[in-house]
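Report on one structure; see the data block that follows.
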Amino acid sequence: MKDDKSLEVNEETIQIIGAQGNATLRAINGDVLPVLTSRQLFTLPGVVLPFVIGRPKSMKLINDAVQNHQEILVCPQMHAEIDDPYFDDIVQVGCIAEVIKIIKLNDNTMAAIIQGKCRAKIVEQACVLPYLKAKVELLDDEVVDKSSDSYNELSVLAWDAKKRFIDINRK
């Protein structure tokens, strides 16, 4: 895979990127990272997703991250209707991610192909301009024994959530 950002993005490319699993994580505890707030999508470690970016602050954040080869922290907003979220408006746990590719769209927006690397939480607010930045603490993923009761309970909850999601989106 090319290291530069001129990679052609298509279904095969995304499968190849996703098959690599977690890319090398550069962030360490205490690093200050730009915080991309997301209204609807959220990424997890190893997952590659396209995010449509329309807010000027978010577009600057993405462009700066690519230019500086910097990882970002993606955090979901608590309320999608907020146009200019601050730290109180976002979930304090997110996913450190890498911007793999930017695609300029015709409607003054962009699509950013983002790969999640590691879960992290905000431990300190660093700044709000030109976009949110925060000091992060990396979180270890808890491995659950597949024969345990908690694994079975989580599986049932996940299955129920998936069914509800499908039912809601069919309407």
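Loop-located GluC sites (Glu not before Pro) in segment 71-171 (DSSP state other than H, G, I, E, B) with a sparse environment of at most 15 neighbouring Cβ atoms within 10 Å: GLU81, GLU142.
To the nearest 10, the accessible area of LYS57 is 60 Å² with a 1.4 Å probe.
Karplus-derived 3J(HN,Hα) values for segment 87-102, using 6.51 cos²θ - 1.76 cosθ + 1.60 with θ = phi - 60°, are 4, 5, 9, 10, 5, 7, 10, x, 10, 5, 9, 10, 7, 8, 7, 10 Hz; glycine and proline are entered as x.
For LEU44, the residues whose amide H sits under 5 Å from its own are GLY116, ignoring neighbours fewer than 5 places away on the same chain, with H placed 1.01 Å from N. Kirkwood-type hydrodynamic radius, segment 115-171: 15.0 Å, calculated from all non-identical alpha-carbon pairs.
Carbon and sulfur atoms: what percent of the 1.4 Å accessible area of segment 71-156 do they account for? Heavy-atom surface of segment 71-156 belonging to carbon and sulfur, 1.4 Å probe: 50 percent. Hull volume per residue, based on the alpha-carbon atoms of segment 50-171 and their convex hull, is 152 Å³. The phi torsions of segment 106-115, fed into the Karplus equation with coefficients 6.51, -1.76 and 1.60 and a -60° offset, translate into couplings of 6, 9, 6, 10, 9, 10, 10, 8, 10, 10 Hz, rounded to whole numbers, with Gly and Pro shown as x.
The values are calculated or read from the model by the stated rules, or taken from the named source; none is laboratory data. Just so we're clear, the structure is a prediction, and the values are computed from it rather than from any experiment. So basically every Cβ, Gly included, is an ideal-geometry build from the backbone, and we count neighbours across all protein chains shown. Accessible surface is based on the protein model in full, side chains and every heavy atom, while ligands, DNA and RNA are left aside. Shrake-Rupley method; radii C 1.70, N 1.55, O 1.52, S 1.80 Å.
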